[in-house]
1. Would you mind stating whether residue 104 is modelled with pLDDT under 65 and open to solvent by 100 Å² or more (accessible area, probe 1.4 Å)?
2. Within the stretch 69-91, which residues are surrounded by fewer than 10 Cβ atoms within 10 Å (Cβ to Cβ) and of a type in the set (Gly, Ala, Ser)?
Amino acid sequence: MRSLFSPLFGAILLAGCTEFPELDAAVSDAARRAPYPELAPVEDILVDPTPTRLGDEADEDYLKWRAQRLRQKARALRGAVVSDVTRAELAAAKQRAEELRPERAEAEETPADPATVTPVAPPLPEVEPTDLLEL
């Protein structure tokens, strides 16, 4: 693994040292002769001096319709997440679980009768140590 890593690493290092003439040729002579761009203050770039406006009545009507639609969605989301039917089903399931808990605890406390328990696998035959030597 180490012998494979060394030549591969060397090839990657050599590839990083090559020149890219097509990138250098992409800059035109006019761009090379152009003066350095003038720097502007950040405040002038970030702030838009022109005030924004709504536009004509069609834009205003659309915005009113959109606001009304969003209010309707907000009203619909304020409702109950779980319906009354689902809430009743959950309460019934919880009550049933509470009823079953004492029965399960009693069943775990009483030991099972070994005669009534079905074994998972048949018992293994008895093997004497001398039988193993014959193999």
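1. yes
2. Within the stretch 69-91, 74, 76, 79, 80 meet the criteria.
The values are calculated or read from the model by the stated rules, or taken from the named source; none is laboratory data. As the structure is a prediction and not an experimental result, all values here were calculated from the model. Quick reminder, even Gly has a Cβ in these numbers, built from the backbone with ideal geometry, and neighbours come from all protein chains shown. Note: accessible area is taken over every heavy atom of the protein model, side chains too, but ligands, DNA and RNA are not part of it. Shrake-Rupley method; radii C 1.70, N 1.55, O 1.52, S 1.80 Å.
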